[in-house]
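Everything below concerns the one structure shown next.
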Amino acid sequence: MTELNPTSAAGTAPVASTRAGAPAALLASNLVKYYDDGANRIDVLRDVSFSVEQGEMVAIVGASGSGKSTLLHILGLLDVPTSGSVTVAGESAEGLSESKKSALRNRSLGFVYQFHHLLAEFSALDNVAMPLIVRRESRSVARDRAREVLGLVGLAARADHYPGQLSGGERQRVALARALVTRPACVLADEPTGNLDRNTAQAMFELLSRVNQESGTAFAIVTHDPVLAQRADRQLVMEGGRLVSG
Ligand code: ADP
Ligand code: MG
């Protein structure tokens with residue numbers, strides 16, 4: 001039986017909430033992930049537990065291969081742990097059907113990747129509105145909200161431009177707006193500045209930090225840039241599949 005209650009005897013996992021009554025935006029409890037092809041077992045995550053509180057900005061750092069992307073995929077309910085559990089905004093993902101999992105993902109999480117993954121044939125506005133359309137919001141509600149969030153990332157004037165007409169930094173800002181449009185409890189970002197030059201990366205991180213403060217959205221951001229990571233409220237350091245500090 002997998003550990004379900006983070007406050008019980010195992011005692012290694014953080015409690016579900018550190019603020020009165022408010023569930024953590026994200027709670028990882030005793031996450032283990034390994035791949036076993038019969039001949040070899042590759043341990044990728046070795047008992048990882050932590051929480052991201054509501055409104056908190058957490059940076060996840062560590063060498064290449066330390067398990068950061070795997071951790072983020074599991075937190076984002078895109079991959080399942082071998083054991084352990086993930087709780088998103090107070091709701092455990094353990095044992096949920098695929099459709100309930102994707103509903104929880106759509107309701108409470110946003111994603112930003114190293115590459116923007118915008119759809120080339122849609123304008124910035126329609127790219128940002130897409131998650132709401134997927135949720136079956138009306139087109140006008142979705143576009144109004146998308147316009148608002150493009151304003152938040154400083155791109156109101158570029159709403160009608162296509163990804164091909166935007167710079168790398170602007171595309172990442174559109175990708176951020178798309179992640180925020182549903183008002184998620186937490187945005188998960190995997191190397192969101194990994195494809196940008198130094199100055200643009202810095203500006204992007206400043207934007208992430210400002211949006212975090214203004215919108216109260218929690219962020220878990222994987223980055224291998226220690227200077228950028230210092231801007232977060234807290235740094236989690238991964239080493240060989242373990243959390244060694246944070
Ligand atoms: P990071 O993002 O920190 O670079 P990853 O989470 O991508 O690390 O990978 C961590 C380790 O897990 C690596 O050693 C990688 O080779 C291994 N790994 C990831 N996916 C698989 C897989 N499907 N099968 C076997 N090993 C994998
Ligand atoms: Mg990675």
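The values are calculated or read from the model by the stated rules, or taken from the named source; none is laboratory data. Only a predicted model underlies this, so the values are computations on that prediction, with no experimental measurement involved. Heads up, the Cβs are rebuilt from the backbone with ideal geometry, glycines too, and the neighbour counts pull from every protein chain shown.
Summary of computed values
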item: Complete set of residues in region 71-86 that are closer than 19 Å to Gly110 by Cβ and outside any strand (DSSP E or B); result: Leu71, Leu72, His73, Ile74, Leu75, Gly76, Leu77, Leu78, Asp79
item: Residues located in region 176-224, provided they are touching a residue at least 40 places away in the same chain (Cβ under 8 Å) and within 16 Å of ligand 1 (Cβ to nearest atom); result: Leu188, Ala189, Asp190, Glu191, Pro192, Gly194, Asn195, Ala220, Ile221, Val222, Thr223, His224
item: Criterion (within 20 Å of the chain's Cα centre (by Cα) and of a type in the set (Lys, Arg)) met by exactly one of Arg143, Arg139, Arg135; result: Arg135
item: Residue pairs meeting the criteria (Cβ under 7 Å; at least 6 apart or on separate chains; first touching a residue at least 12 places away in the same chain (Cβ under 8 Å), in region 108-131; second of a type in the set (A, V, I, L, M) and assigned to a strand (DSSP E or B)); result: Ser108/Val88; Leu109/Val88; Leu109/Leu188; Gly110/Val187; Phe111/Leu188; Val112/Val187; Val112/Ala189
item: Check on Val58, in contact with a helix residue (DSSP H, G or I) (Cβ under 7 Å, 6 or more places away or on another chain), of a type in the set (A, V, I, L, M, F, W, C) and in contact (Cβ under 8 Å) with a residue 24 or more places away in the chain; result: no
item: Some residue of region 180-195 being of a type in the set (D, E, K, R), crowded, with 16+ Cβ neighbours inside 10 Å and over 25 Å from Leu72 (Cβ atoms); result: no
item: Index of the failed condition, Ser83 passing every other in (1) surrounded by fewer than 19 Cβ atoms within 10 Å (Cβ to Cβ); (2) under 19 Å from the mean Cα position of the chain (by Cα); result: (2)
item: Residue, nearest to Ala63 (Cα to Cα), within region 229-242, restricted to residues that are over 16 Å from the mean Cα position of the chain (by Cα) and at pLDDT below 95; result: Gln230
item: Test: residue in region 17-36 that is over 16 Å from Gly241 (Cα atoms) and within 15 Å of ligand 2 (Cβ to nearest atom); result: no
item: Of all residues in region 30-54 being touching a residue at least 12 places away in the same chain (Cβ under 8 Å) and of a type in the set (Asp, Glu), the one that is farthest from ligand 1 (Cβ to nearest atom); result: Glu53
item: The one condition in (1) within 30 Å of Lys33 (Cα to Cα); (2) surrounded by fewer than 16 Cβ atoms within 10 Å (Cβ to Cβ); (3) in contact with a helix residue (DSSP H, G or I) (Cβ under 9 Å, 6 or more places away or on another chain) that Ser97 fails to fulfil; result: (3)
item: Count - residues of region 55-72 that are touching a Ser or Thr at 6+ places or on another chain (Cβ under 9 Å) and more than 16 Å from ligand 1 (Cβ to nearest atom); result: 2
item: Enumeration of residues in region 108-165 that are over 17 Å from Leu180 (Cβ atoms) and in contact with a Lys or Arg (Cβ under 7 Å, 6 or more places away or on another chain); result: Pro163
